[in-house]
């Protein structure tokens, strides 16, 4: 039991859910994964010396070149199968932190390795493969207490 619990703790990642309000609508930025090209949020492993929301903020910078305010409390979490370099797949739980994007940089570490795109939030919810992540995105305006245009 102790070993299993330790393994699960190691398989936690932190992700940023980048959003902006444009013309009364909530838009979400998704990026492509490097391996499969599917639409995902910026996410990564815990970082020594950084709190979970700070790690999510760093991943957003590295993967999407965006800066902004990251909430300290996760909106929720989802699970997915992480493919490792060894080609094995491990179960990962991603804690999702909201990130209000303030700036998009011209250069960032993974520029050219991923595509990033803004989606209306409902389109973003449909574009991701993970149902739990789709639900978080779908309910984002309510969780942020934002009025959206029809």
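The values are calculated or read from the model by the stated rules, or taken from the named source; none is laboratory data. Since we're looking at a predicted model, the values are computed, not measured. In this analysis, Cβ positions are derived from the backbone assuming ideal geometry, glycine residues included, and neighbour counts consider all displayed protein chains.
Data table
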| item | result |
| --- | --- |
| Region 26-53, subset in a strand (DSSP E or B) and without any contact (Cβ under 8 Å) to a residue 60 or more places away in the chain, residue farthest from the chain's Cα centre (by Cα) | 44 |
| Condition check for residue 21: out of contact with any strand residue (DSSP E or B) (no Cβ under 7 Å at 6 or more places or on another chain) and surrounded by fewer than 19 Cβ atoms within 10 Å (Cβ to Cβ) | yes |
| From 21, 90, 66, residue being modelled with pLDDT under 95 and closer than 24 Å to residue 141 by Cβ | 21 |
| Flag if residue 134 is without any contact (Cβ under 8 Å) to a residue 12 or more places away in the chain and either within 15 Å of the chain's Cα centre (by Cα) or within 15 Å of residue 66 (Cβ to Cβ) (or both) | yes |
